[in-house]
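**Student:** Got a structure for you, written out below as structure tokens; questions coming shortly.
The values are calculated or read from the model by the stated rules, or taken from the named source; none is laboratory data. What you see is a predicted model; the values in this text were computed from it and never measured. Methodologically, a virtual Cβ is constructed for each residue, glycine included, from the backbone with ideal geometry; neighbour enumeration extends over all protein chains shown. Calculation scope for accessible area: heavy atoms of the full protein, side chains included, ligands and nucleic acids excluded. Shrake-Rupley method; radii C 1.70, N 1.55, O 1.52, S 1.80 Å.
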Amino acid sequence: MKFFHLLVIFTITLTPLKTITAQTPVAAHGQLKIDGNQMLDEHNEPYQLTGMSLFWSNWQGKFYNYDVIKWLRDDWNVNVVRAAMGISPDDNSGYLDRPEMEKKKVIDVIEAAIDLGIYVVVDWHSHHAENETAEAQAFFEEIASTYGDYPNILYETYNEPETDWKTIKTYHESVISSIRTHDQNNIIILGTPFYSQNIDQATDNPVNGDNLCYALHYYAASHSFYNTVETVINKGYYVFVSEFGTCESTGDGYVDDENSDTWWDFLDQYGVSWCNWAVSDVDEAASIVKPGSSIYGNWSSNDLTESGTLVRDKLQSYETDPIPNDIPP
Ligand code: CA
């Protein structure tokens, strides 16, 4: 009889506790915003997004599925993923040539991120978006009108521009206006000149508007432009590393674990958010898994590449919001 009572008490106490403490990143941090050179959560506390970028959707769309996103959340401790929708690759396999197919992959990832309570960057993965303004406006308008009420969504309007800032800025202003018609507050990440490396040029003549920040891309074996980034941060702008590699700027070559650590220390010091390139099994250094690994996650340490091992270790070193086991799929 006594034992029975004890069991009842345990059941009663444990159930509400679990509900209170077990929160996903989005449940815990809610609507994000940009305040000067910081990202803040809904409690006005500085918050840093750290996670993985998927590869070009047109070439590695097989990883754009719920199981991979869940594995990245639960095993890799990500609080953000980036859906890199390929737009106009040379082989015409991207969104401009098969819009419904590529859009569906991105929506699958958005829906997974919402279900799993993590953030998701919706990336127009192009090098020539200034020639795709109308298409980008229509796409982001649809995403913003459908998902703009969810705090999960961040927009990245232009992955890696190759043109001048004046042209890029005009493009951003058009796409921002389309997004803001439907979503007044979610964060928009703005690509910057020379493959999103020259953030100083962009922030010398910044885009007007709220909750905007600037993309920085680097590859640890090729780049060490810390001073430029520090200058931009000190000017009062938030920098978002929407893509970086531990390897050379080709996405291949060698993995520079030492400079990867130097970069990570720098990003952590300033609360800069980051997404690593990339969830991919292409046979190159930037890929996190070896060719032929499962397309549904559940990767063993043998499946991981040198970069995958390095990045997973780093992600697991961050404190995390406790993830419940019983989140409905
Ligand atoms: Ca919103």
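**Student:** Condition first: among the aromatic types (F, W, Y), closer than 30 Å to S174 by Cβ and either out of contact with any Gly (no Cβ under 7 Å at 6 or more places or on another chain) or in a loop (DSSP other than H, G, I, E, B) (or both). Now tell me which residues in region 206-241 satisfy that.
**Tutor:** Y214, Y218, F225, Y237, Y238, F240
**Student:** Across region 38-73, which residue is nearest to Y296 (Cα to Cα) among those that are free of Cβ contacts under 8 Å to residues at least 24 places away in the same chain and buried (at least 17 other Cβ atoms within 10 Å of the Cβ)?
**Tutor:** The selected residue is D41.
**Student:** How many of the residues making up region 89-127 are under 30 Å from L40 (Cβ atoms), among the hydroxyl-bearing types (S, T, Y) and over 14 Å from the mean Cα position of the chain (by Cα)?
**Tutor:** Qualifying residue count, region 89-127: 1.
**Student:** Please go through region 113-156 and give me each residue that is away from the ligand (no atom under 16 Å from the Cβ), in a helix (DSSP H, G or I) and either open to solvent by less than 40 Å² (accessible area, probe 1.4 Å) or not acidic (D, E) (or both), ordered by number.
**Tutor:** Across region 113-156, the qualifying residues are L116, A129, N131, T133, A134, A136, Q137, A138, F139.
**Student:** Follow-up. Condition first: open to solvent by less than 10 Å² (accessible area, probe 1.4 Å) and not in a strand (DSSP E or B). Now tell me which residues in region 74-88 satisfy that.
**Tutor:** Within region 74-88, W76, V78, I87 meet the criteria.
**Student:** When region 199-211 is examined, which residues are found to be within 16 Å of the ligand (Cβ to nearest atom) and crowded, with 18+ Cβ neighbours inside 10 Å?
**Tutor:** Scanning region 199-211 gives a single hit, N211.
**Student:** Looking at this structure, is N259 within 17 Å of V81 (Cα to Cα) and either surrounded by 21 or more Cβ atoms within 10 Å (Cβ to Cβ) or not hydrophobic (A, V, I, L, M, F, W, C) (or both)?
**Tutor:** In short, no.
**Student:** Return the residues of region 288-321 that are without any contact (Cβ under 8 Å) to a residue 60 or more places away in the chain and among the small types (G, A, S); say none if nothing qualifies.
**Tutor:** Listed by number, the residues that qualify are G292, S293, S294, S300, S301, G308, S317.
**Student:** Does region 221-228 include one or more residues that are at pLDDT 95 or above and either buried (at least 24 other Cβ atoms within 10 Å of the Cβ) or of a type in the set (D, E, K, R) (or both)?
**Tutor:** no
**Student:** Just one of E258, E248, E243 is under 17 Å from H223 (Cα atoms) and without any contact (Cβ under 8 Å) to a residue 24 or more places away in the chain; which is it? Let's see the steps before the verdict.
**Tutor:** Working: E248 fails: without any contact (Cβ under 8 Å) to a residue 24 or more places away in the chain; E243 fails: without any contact (Cβ under 8 Å) to a residue 24 or more places away in the chain.
On inspection, the qualifying residue turns out to be E258.
**Student:** On the given criteria, is S196 among the hydroxyl-bearing types (S, T, Y), in contact with an Asp or Glu (Cβ under 8 Å, 6 or more places away or on another chain), within 16 Å of the ligand (Cβ to nearest atom) and closer than 27 Å to D41 by Cβ?
**Tutor:** no
**Student:** Residue by residue through region 262-301, note down the ones that are part of a loop (DSSP other than H, G, I, E, B), open to solvent by less than 20 Å² (accessible area, probe 1.4 Å) and of a type in the set (F, W, Y).
**Tutor:** W299
**Student:** Conditions: (1) open to solvent by 50 Å² or more (accessible area, probe 1.4 Å); (2) of a type outside the set (D, E, K, R); (3) touching a His at 6+ places or on another chain (Cβ under 8 Å); (4) not in a loop (DSSP other than H, G, I, E, B). F244 meets all but one. Number of the miss?
**Tutor:** Going through the list (1) open to solvent by 50 Å² or more (accessible area, probe 1.4 Å); (2) of a type outside the set (D, E, K, R); (3) touching a His at 6+ places or on another chain (Cβ under 8 Å); (4) not in a loop (DSSP other than H, G, I, E, B), F244 breaks only (1).
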